[in-house]
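Participant: This is the structure I want to talk about, given as structure tokens.
The values are calculated or read from the model by the stated rules, or taken from the named source; none is laboratory data. Computed from a predicted model, the values in this text were never measured in an experiment. Glycine also receives a Cβ, built like all others from the backbone with ideal geometry; neighbour counts cover every protein chain displayed.
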Ligand code: FAD
Ligand code: DLZ
Ligand code: SF4
């Protein structure tokens, strides 16, 4: 028998299950296809990243002795679909089966499962580059009424021994979040990311991305993502040496000028396979034991990868395909048009979208509490918001994007991802950021022409969804304040919010603006 080893754009690791015990006559296929770049209009950096990283990985595979068939975007016989390319190439080389590790999206998983009945056998392997397989997660989840990150994460710590001292968590506590809520300190300098050199392969890949998908968000001029394992290791070392120690302190801060703060910007490299989560967590743990970084920073960082990253993946694979259709708060509004061009006078949103356009990156609190929170308060429909997050971030793959957007941001899954919605007013943004001093609105006003729109939208959201949310014990305090509010004040806030929403310019598709 002669297998075709199909390697997807986010499977660029030599440790991939697909390569294990591969027979010497196997052919590896990597395929650049337009369908994957267009099913949502991905940011130009994201497309450039996939093309450059895939091309570099093909070189590594050839150097390691594999026979590689590489389909380029410009190849005349390219079918531009991953499934069809795999079958075409298999036929070309006389292969009788196709082996592939679990893809990062249900869409492809489902198509591959269906193809498995074909004459050409598809074999789907587990992707074991994570701490947890979907099967392990499912057995943890079985019989539990609530799937809380905190309990999952403690199990992960015990299972791996990361930051464990015997049976006890290092530092005596599982969670140091109380020490991780420092607001933005505008005077502080933050470390710049390493500037990656672009070799001929990277430059050509970026040029191809621009030539084919030039109308997509962003410009290749500002591209600085790691595209090889070597570059990803440079970023890892840089983060460990310059940012990890302050990661906790500034984890929740938002800056008007600094896109990265003390975040690692390792997500894209992790998600496409240039780094393994184990080596990243272990490097952080070592810094703690060497006395180079405090426990609140290291534990906070490890929780993101060992906890959240694994938890959302487990949720995705155990809840799909039904998860994607969830919309428990019944949201109907299209995406605000400024999510594509940053054309808004709300400073925090303008900066979050501008940074997204510049870098195909925004840090977690920008995604959750600025663009996410605004979408939640306005009631943006899940499919529109999910498509946006999937398109604009270089690290976006559906297994991680969907639970974060549909679950954490939009609370559309009935509380599986979070016990309460992450809704907040302008007061919160003012406390955590230095945006408001640059804004034409005032975070202290709720009604009137200068009032921050987040404020009235916040109360409007709580009022609209009171029936579903007011019995939630974690929302009791805030619904108490709402019920004590005088009727005329409530009415004025309602009108302010409704007027804002009536004038919000939305879009049904990239670049196509509408008035709702
Ligand atoms: P750091 O702050 O340095 O964190 C370290 C690592 O922890 C990240 O690289 C990432 O691998 C992991 N991590 C942190 N938070 C999460 C989380 N909530 N879920 C899963 N992993 C996490 N992350 C993606 O990788 N891809 C996505 O498509 C994605 N979409 C998101 C959409 C929304 C609406 C929200 C609120 C969050 C999303 N996240 C996504 C999670 C998180 O925002 C990013 O992982 C993080 O901002 C990446 O930047 P970083 O590498 O500097 O992270
Ligand atoms: C995002 C993306 C892009 C832009 N291009 C390709 C591609 O040409 N070939 C490929 O194999 N994958 C690409 N991807 C990633 C896929 O859309 C998809 O997310 C993963 O392959 C799922 O594992
Ligand atoms: Fe954002 Fe409101 Fe502050 Fe303006 S005033 S930056 S809209 S929170």
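Participant: I'm told residue 459 meets every condition in (1) without any contact (Cβ under 8 Å) to a residue 40 or more places away in the chain; (2) within 16 Å of ligand 3 (Cβ to nearest atom); (3) not in a helix (DSSP H, G or I) except one. Can you identify the failing condition by its number?
Facilitator: Evaluating residue 459 over (1) without any contact (Cβ under 8 Å) to a residue 40 or more places away in the chain; (2) within 16 Å of ligand 3 (Cβ to nearest atom); (3) not in a helix (DSSP H, G or I) leaves (3) as the failure.
Participant: For the range 38-56, which positions are surrounded by fewer than 24 Cβ atoms within 10 Å (Cβ to Cβ) and away from ligand 1 (no atom under 16 Å from the Cβ)?
Facilitator: 38, 55, 56
Participant: Does the range 90-101 hold any residues that are in contact with a helix residue (DSSP H, G or I) (Cβ under 9 Å, 6 or more places away or on another chain) and surrounded by fewer than 18 Cβ atoms within 10 Å (Cβ to Cβ), and which are they?
Facilitator: Selection gives 96, 97.
Participant: For the range 431-445, does any single residue satisfy the condition of being away from ligand 2 (no atom under 16 Å from the Cβ), without any contact (Cβ under 8 Å) to a residue 60 or more places away in the chain, on the phi > 0 side of the Ramachandran plot and part of a loop (DSSP other than H, G, I, E, B)?
Facilitator: There is no residue in the range 431-445 that is away from ligand 2 (no atom under 16 Å from the Cβ), without any contact (Cβ under 8 Å) to a residue 60 or more places away in the chain, on the phi > 0 side of the Ramachandran plot and part of a loop (DSSP other than H, G, I, E, B).
Participant: Continuing with the same structure: State which residue is farthest from ligand 3 (Cβ to nearest atom) when the search covers only the range 5-35 and only residues that are closer than 22 Å to residue 126 by Cβ and part of a helix (DSSP H, G or I).
Facilitator: Taking the candidates together, the pick is 19.
Participant: Here's another thing I want to ask about it. So which residues in the range 393-427 are within 16 Å of ligand 2 (Cβ to nearest atom), part of a helix (DSSP H, G or I), closer than 23 Å to residue 348 by Cβ and touching a residue at least 60 places away in the same chain (Cβ under 8 Å), if there are any at all?
Facilitator: Taking the range 393-427 as the starting set, the residues that turn out to be within 16 Å of ligand 2 (Cβ to nearest atom) are 393-405.
Retained after the next criterion (residues that are part of a helix (DSSP H, G or I)): 398-405.
Okay, now just the ones that are also closer than 23 Å to residue 348 by Cβ, so 401, 404-405.
Answer for the range 393-427, where residues must be within 16 Å of ligand 2 (Cβ to nearest atom), part of a helix (DSSP H, G or I), closer than 23 Å to residue 348 by Cβ and touching a residue at least 60 places away in the same chain (Cβ under 8 Å): just 404.
Participant: Could you list, in sequence order, all residues of the range 331-362 that are touching a helix residue (DSSP H, G or I) at 6+ places or on another chain (Cβ under 9 Å) and not in a helix (DSSP H, G or I)?
Facilitator: 331, 333, 334, 335, 336, 342, 343, 344, 346, 360, 361, 362, listed by residue number.
Participant: Anything in the range 169-208 that is assigned to a helix (DSSP H, G or I) and in the same structural domain as residue 299 (by TED's automatic domain parsing)? List them, or say none.
Facilitator: If the condition is that a residue be assigned to a helix (DSSP H, G or I) and in the same structural domain as residue 299 (by TED's automatic domain parsing), then 170, 171, 172, 177, 178, 179 are the ones that fit.
For (1) away from ligand 1 (no atom under 16 Å from the Cβ); (2) in contact (Cβ under 8 Å) with a residue 60 or more places away in the chain; (3) touching a helix residue (DSSP H, G or I) at 6+ places or on another chain (Cβ under 6 Å), each residue gets a yes or a no:
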site: 36; (1), (2), (3): no, no, no
site: 78; (1), (2), (3): yes, no, no
site: 84; (1), (2), (3): yes, no, no
site: 88; (1), (2), (3): yes, no, no
site: 103; (1), (2), (3): no, yes, yes
site: 121; (1), (2), (3): yes, no, no
